[in-house]
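The values are calculated or read from the model by the stated rules, or taken from the named source; none is laboratory data. Keep in mind it's a predicted model, so treat the numbers as computed, not measured. Reconstructed Cβ throughout: ideal geometry from the backbone, glycine too, with neighbour counts over all protein chains shown.
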Amino acid sequence: MSVSEPLVKVRGVTKAFGSNNVLNGVDLDVPRGSVVSIIGASGSGKTTLLRCVNLLESYDSGSIEVDGVEVGYDIADGRRRPRGERDLARIRADIGMVFQMFNLFPHLTATENVMLGLRKVRGMAKAEARATAEQWLVRVGLGDKLASLPIEMSGGQQQRVGIARAVAMNPKVLLLDEITSALDPELVGEVLKVVRELARDGMTMMLVTHEMSFARDVSSRVVFMDGGRVAVEGTPREVFGAPAQSERLRGFLARIELREV
Amino acid sequence: MQYHLNYNFVWKYADRLAWGLVLSLELAVISIAIGCVIGLTLAVLSQGARRPVRFVIGMYVEFVRNVPLLLLVYLVFYGIPSIGGFAYDATTSFVITLSIYAGAYLVEVFRAGLEAIPKGLIDAGRAIGLTPVQRVLYVQLPTMFRIVLPSLSNAFISLFKDTSLATVLAVPELMFGANWIYTNTFRIVEVWTVVAPIYLVTGFVLLGGLRLLERRFAIGRR
Ligand SMILES: Nc1ncnc2c1ncn2[C@@H]1O[C@H](COP(=O)(O)OP(=O)(O)O)[C@@H](O)[C@H]1O
Ligand SMILES: [Mg+2]
């Protein structure tokens with residue numbers, strides 16, 4: 001497989017919850033080392049799309065390939081079978097996710113939160129896992145919070161642990177779902193700073209965000225989702241600079257700008 | 001005729017009460033331990049189990065909860081040997097009964113606990129690549145344990161009091177000790193004014209200890 005092949009390749013993905021068709025044929029490429037931001041109104045399917053990429057949700061048809069491997073289905077002798085849990089666990093280990101509500105394990109310290117996957121999934125020895133976890137926590141500016149429990153940390157600190165927990169696994173791609181929208185405004189900056197650094201270091205990311213100026217700065221491509229489809233796709237300049245091509249995008253951006261003021 | 005309080009009889013047999021209390025506590029501890037195993041196993045089994053499995057578990061829970069505990073005590077002690085053949089000594093028989101009883105209550109406690117685990121934590125476990133078994137061990141059980149701890153404490157106190165029913169099988173627990181002193185001395189008021197506070201104070205101390213434990217393991221604490 002060539003290096004220029006996109007790391008994440010989404011083709012014609014559909015997903016329905018009961019009779020609610022949430023994804024209606026999504027096509028999307030995430031090249032290696034690039035940052036693709038997904039914007040769009042609430043309910044347009046952004047979260048569902050991300051959750052399909054690491055199989056927290058199954059998709060109904062279409063395909064999602066990460067590094068050349070179809071994530072949701074096992075294609076053997078021409079038949080398409082949903083993957084079993086063991087397969088899924090192995091695939092998910094290489095796809096990091098950071099959640100809107102942090103979802104830190106409440107009974108574990110910052111270090112232990114990061115160590116869990118290293119120990120149980122990567123099979124690292126305890127000392128090595130601890131050292132790796134601490135390195136990442138220091139990198140996200142939490143060197144003084146290693147032994148703190150989630151409850152003892154601010155939202156911004158918790159989210160940085162969430163990022164450390166995901167990147168410590170050395171994932172091929174990192175999925176970030178509105179990771180600052182549960183934070184007080186004064187804590188948003190410290191979290192976005194970490195994401196900027198990851199982008200600079202070449203981490204491949206798919207991020208859903210309502211922080212438009214951040215999306216403009218950090219993204220290689222911006223995707224506007226509408227009604228479970230990719231409605232507009234382009235460079236930040238194309239999407240934010242000349243939204244005239246889509247009435248819906250213009251309306252969306254206008255509403256967001258208003259809210260940001 | 002006037003009744004003169006005389007506690008000497010009670011003090012004379014104080015060791016029966018002391019050993020009785022120890023046995024009561026032992027019965028409660030063993031029963032809650034076995035009850036936890038039963039309750040947790042069935043709660044996990046019934047998560048996503050097929051209909052017949054859930055039905056059988058439901059029958060067990062409803063049966064035990066809607067039958068007087070005393071009847072269960074007799075049923076296990078007299079009933080099982082008469083149909084199956086194996087007879088247990090009274091203490092073992094009572095422990096079996098109380099464990100079955102505790103298990104039925106704890107199934108519901110654990111089931112509610114499992115349901116109360118925030119879905120986001122399970123997603124986080126899946127997202128880092130934990131297998132289902134690893135998620136149960138490292139995410140669901142530790143989280144659930146902290147959620148159900150207050151209910152477990154209450155169940156334990158309640159079981160401690162229920163051990164008094166073992167007296168009907170002549171298991172020498174606290175209530176039996178009290179009965180023995182009473183039937184041998186006829187000092188009914190003295191006996192009960194001593195034994196009631198023993199139950200009360202022990203229950204209180206247990207509760208205090210368990211609340212401390214709960215605080216230590218409060219959600220988000222270690
Ligand atoms: N687990 C679910 N069960 C049923 N419906 C869901 C579920 N998750 C999302 N939905 C529905 O899918 C639609 C898209 O949701 P989502 O992907 O969260 O959108 P967004 O992240 O863009 O706001 C919404 O209508 C939502 O109600
Ligand atoms: Mg969303």
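Do you know which of the residues in the stretch A:53-65 that are under 16 Å from the mean Cα position of the chain (by Cα) and away from chain B (no Cβ under 13 Å) is nearest to ligand 1 (Cβ to nearest atom)? In this case the residue turns out to be A:Ile64.
Yes/no matrix, rows are residues, columns are (1) in contact with a strand residue (DSSP E or B) (Cβ under 8 Å, 6 or more places away or on another chain); (2) at pLDDT 90 or above; (3) within 30 Å of B:Ala116 (Cα to Cα):
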site: B:Leu152; (1), (2), (3): no, yes, yes
site: B:Ala155; (1), (2), (3): no, yes, yes
site: B:Lys161; (1), (2), (3): no, yes, yes
site: B:Leu165; (1), (2), (3): no, yes, no
site: B:Leu169; (1), (2), (3): no, no, no
site: B:Asn179; (1), (2), (3): no, no, no
site: B:Phe186; (1), (2), (3): no, no, no
site: B:Glu190; (1), (2), (3): no, no, no
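Checked against (1) surrounded by 13 or more Cβ atoms within 10 Å (Cβ to Cβ); (2) part of a loop (DSSP other than H, G, I, E, B), A:Val195 passes all but a single condition, namely (2). Across the stretch A:80-124, which residue is farthest from ligand 2 (Cβ to nearest atom) among those that are at the interface with another protein chain (Cβ under 8 Å from one of its Cβ atoms) and of a type in the set (Asp, Glu)? Here the answer is A:Glu85. Pick from B:Val168, B:Val148, B:Val133: which is in a helix (DSSP H, G or I), closer than 30 Å to B:Ile198 by Cβ and within 14 Å of chain A (Cβ to nearest Cβ)? It is B:Val148. Each residue in the stretch B:185-214 was checked for being touching a residue at least 60 places away in the same chain (Cβ under 8 Å) and among the polar types (S, T, N, Q), and 2 of them qualify. Residues that are out of contact with any helix residue (DSSP H, G or I) (no Cβ under 6 Å at 6 or more places or on another chain), away from chain B (no Cβ under 14 Å) and near ligand 1 (Cβ under 7 Å from one of its atoms) within the stretch A:28-48 comprise A:Ser42, A:Gly43, A:Ser44, A:Gly45, A:Lys46, listed in sequence order. One residue stands out in the stretch B:85-131 among those that are touching a residue at least 60 places away in the same chain (Cβ under 8 Å) and of a type in the set (S, T, N, Q): the one that is surrounded by the most Cβ atoms within 10 Å (Cβ to Cβ), namely B:Ser99. Checking each residue in the stretch A:125-134 for being away from every other protein chain (no Cβ under 14 Å) and buried (at least 17 other Cβ atoms within 10 Å of the Cβ) picks out A:Arg130, A:Glu134. Are there helices (runs of 4 or more DSSP H) fully within the stretch B:1-104 with at least 2 residues that are within 16 Å of the chain's Cα centre (by Cα)? List them. Because the criterion is at least 2 residues that are within 16 Å of the chain's Cα centre (by Cα), the helices (runs of 4 or more DSSP H) in the stretch B:1-104 that meet it are B:14-46, B:51-65, B:69-74.
Checking each residue in the stretch A:18-27 for being within 16 Å of ligand 1 (Cβ to nearest atom) and touching a residue at least 12 places away in the same chain (Cβ under 8 Å) picks out A:Asn21, A:Val22, A:Leu23, A:Asn24, A:Gly25, A:Val26.
Considering only residues in the stretch B:193-212 that are surrounded by fewer than 13 Cβ atoms within 10 Å (Cβ to Cβ) and among the hydrophobic types (A, V, I, L, M, F, W, C), the one that is farthest from B:Leu121 (Cα to Cα) turns out to be B:Ala196. In the stretch A:210-243, the residue that is nearest to ligand 2 (Cβ to nearest atom) out of those that are in contact with a Pro (Cβ under 9 Å, 6 or more places away or on another chain) and not in a strand (DSSP E or B) is A:Ala215.
Residues of the stretch B:113-169 that are farther than 18 Å from B:Arg211 by Cα and in contact with an Asp or Glu (Cβ under 6 Å, 6 or more places away or on another chain): B:Pro132, B:Thr163, B:Ala166. Report, by residue number, each residue of the stretch A:23-60 that is more than 17 Å from A:Thr204 (Cβ to Cβ), polar (S, T, N, Q) and within 16 Å of ligand 2 (Cβ to nearest atom). Passing the criteria: A:Ser42, A:Ser44, A:Thr47, A:Thr48. Filtering A:Leu207, A:Leu175, A:Leu137 for residues that are away from every other protein chain (no Cβ under 14 Å) and assigned to a strand (DSSP E or B) leaves a single hit, A:Leu207.
Among residues of the stretch A:140-170 being in a helix (DSSP H, G or I) and facing chain B (nearest Cβ under 9 Å), the one that is farthest from A:Arg90 (Cα to Cα) is A:Glu152. Considering the conditions (1) farther than 25 Å from A:Arg250 by Cβ; (2) of a type in the set (A, V, I, L, M); (3) within 15 Å of ligand 1 (Cβ to nearest atom), A:Val8 is excluded by exactly one of them, (3). Taken together, the criteria place A:Gln245 among residues that are away from chain B (no Cβ under 14 Å) and more than 16 Å from ligand 1 (Cβ to nearest atom). Counting only strands (runs of 3 or more DSSP E) that sit completely within the stretch A:1-100, those holding 2 or more residues that are surrounded by fewer than 17 Cβ atoms within 10 Å (Cβ to Cβ) correspond to A:8-17, A:20-30, A:61-66, A:73-76, A:79-82. Inspection of the stretch A:7-22 identifies at least one residue that is within 13 Å of ligand 2 (Cβ to nearest atom) and away from chain B (no Cβ under 14 Å).
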